[in-house]
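A short write-up of the structure that comes next.
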């Protein structure tokens, strides 16, 4: 059974060089124990502002290999390297590499925070297991005090994917990690629930055209990135921000991803998830159904013996949810995501909702779409990967 140690994020502060000051004795002791375990090549689960991560010393291939074995993670799915300071970042980079102006703008605006940047790999420093043998390495500086302090106390960059079995919803609480990886990880640092709840935004700005390519939307929105670049490049050529599968398609990078979350089905609980699309237009050839038809199919489904237990993840103002919940036969388990006017709250609650409904033993989870703007772009990126089926609802039936 893993040891779970509480840490107090409010007891940690940093000086200008990224060195931590820790006033809580029990937090300091927990971080030192975690550091010792990491240097003994044992993975440690820890909180970040995005999701809980499973950490190992990034520069040690044996340590990194234990992340893959613990999670059951495919070897061609690269890892993100986490640093605690810009000086630690520079220690990883090739000696003659100059950080592009657009990168420095984004580092100044969003680090520490949920933004991951691709950099050229120095193969003399970064093991190939971290990059899946690619020529680039993904790096970020987390803003969660416990995460950043653990890196600094360990005095080493940490590779850290989400602390869950590969393919499952990412954990946003220590208890999520405990339930999923019990017996597979020896130490969990509990720093409370994650503030953002979705993984970091990953971008590639290394192309010769100078444009920014978003490979995975996440905790920093496209609109925030565009605004930071606009302010910094006022009067000059502003880099375009292109989103994978919205503004460009790169099949090669999907087959051999340079960053996590692109190739494999992700974020799926152990039960089926159906995406309900009630506001966007269906593609050619797709049939839309009414809520009453959806209810009839749920009650006759072979997913469960009647009466079915159905989880429903929807915004608080959802007209579709209100109509579905009127059915008296289905055993509804509703998890309210929050208001569409506060998309950051919906992002924060998404994975917790999936994992909570799975824990409640529902037979099926229905999740309603949200607009793909601001945090909604990252939310729908995760929902589409979690869902095994999409159901289009006739809009004028609500």
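Every number here is computed from the coordinates shown, using simple stated rules; none is lab data. Keep in mind it's a predicted model, so treat the numbers as computed, not measured. All Cβ positions, glycine included, derive from the backbone under ideal geometry; neighbour counts span all protein chains shown.
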For the stretch 177-196 and the stretch 302-356, what is the centre-to-centre distance using only Cα atoms, to the nearest Å? 25
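If R₀ is 45 angstrom, what is the calculated FRET efficiency for the pair residue 326 and residue 238, using the beta carbon separation as r and rounding to 0.05? The partial results should precede the final answer.
Numbers: r = 50 Å, r/R0 = 1.11.
Step by step, r from the Cβ atoms, then E = 0.35.
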Please report Rg (one decimal) and Dmax (integer) in Å for the Cα set of the stretch 3-190. 15.5, 45
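Full-extension gain between residue 339 and residue 33, please, as 0.36 nm times their residue separation minus the C-alpha to C-alpha distance. Don't skip to the answer; put the middle values down first.
On the way: separation 306, 0.36 × 306 = 110.16 nm, distance 4.05 nm.
Stretched fully, the residue 339-residue 33 segment lengthens by 106.1 nm.
Using alpha carbon coordinates only, what is the Rg to Rh ratio of the chain, with Rh defined as the Kirkwood radius? All intermediate terms of the calculation are to be shown ahead of the outcome.
On the way: Rg = 21.5 Å, Rh = 21.9 Å.
Answer for the chain: 0.98.
Over all directions, how big on average is the projection of the convex hull of the alpha-carbon atoms in the stretch 83-159, in square nanometres?
Numbers: hull surface 20.0 nm².
If I average the Cα hull's projected area over directions, I get 5.0 nm².
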Connecting every pair of Cα atoms under 10 Å apart in the chain and solving the GNM, the largest mean-square fluctuation among 215, 117, 106 falls on 106
Given a Förster distance of 35 Å, the FRET efficiency implied by the Cβ-Cβ spacing of residue 133 and residue 17, rounded to the nearest 0.05, works out to 0.60
Answer check: the stretch 1-42, Cα atoms, Kirkwood Rh, Rg/Rh ratio of 1.03
Gyration tensor (Cα only) of the stretch 343-394 to equivalent ellipsoid, semi-axes in Å sorted down, yields 19, 15, 9
Would you mind calculating the relative contact order of the stretch 3-190 from Cα pairs under 8 angstrom and at least 6 residues apart, reporting the percent as a whole number? 35
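Only bridges whose two residues both fall in the chain count here: according to DSSP, what percent of them are antiparallel, nearest 5? Please report the intermediate quantities before stating the final value.
On the way: 18 of 54 bridges.
If we restrict to bridges inside the chain, about 35 percent are antiparallel.
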How high is the relative contact order of the stretch 273-397? Use alpha-carbon pairs under 8 Å, at least six apart in sequence, and give a whole percent. 43
The whole-number value in µm²/s of the Stokes-Einstein translational diffusion coefficient for the stretch 20-120, with Rh from the Kirkwood sum over alpha carbon pairs at 4 °C and 1.567 mPa s, is 83
Whole number please: convex hull volume per residue, Cα atoms of the stretch 92-242, in Å³. 133
Between residue 166 and residue 389, what is the FRET efficiency for a Förster distance of 25 Å, r being their Cβ-Cβ separation, to the nearest 0.05? 0.70
How far apart, in nm, are two points set 7 Å out from the Cα along the Cα-to-Cβ line at residue 87 and at residue 227? 3.3
Given an 8 Å cut-off on Cα distances and at least 6 residues of separation, report the relative contact order of the chain as a percent. 19
Output the Kirkwood hydrodynamic radius of the stretch 273-397, Cα pairs only, in Å rounded to one decimal. 14.7
Sum -39500 (n - 2.57) across every DSSP H segment of at least 4 residues in the chain, then divide by the residue count to get the 222 nm mean residue ellipticity, nearest 500. -9000 deg cm²/dmol
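What is the gain in length, in nm to one decimal, between residue 249 and residue 279 on full extension, counting 0.36 nm per residue of separation less the C-alpha to C-alpha distance? If you can, show how the numbers build up before the last one.
Working: separation 30, 0.36 × 30 = 10.80 nm, distance 2.45 nm.
Using 0.36 nm per residue and subtracting the Cα-Cα distance, I get 8.3 nm.
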Two-site label geometry, residue 6 and residue 76: point separation in nm, points 7 Å out along Cα→Cβ: 4.6
If I build a Gaussian network model for the chain, linking alpha-carbon pairs within less than 10 angstrom, which residue out of 64, 319, 347 has the largest mean-square fluctuation? 319
Across 127, 306, 269, the residue with the highest GNM fluctuation in the chain (Cα network, 10 Å cutoff) is 306
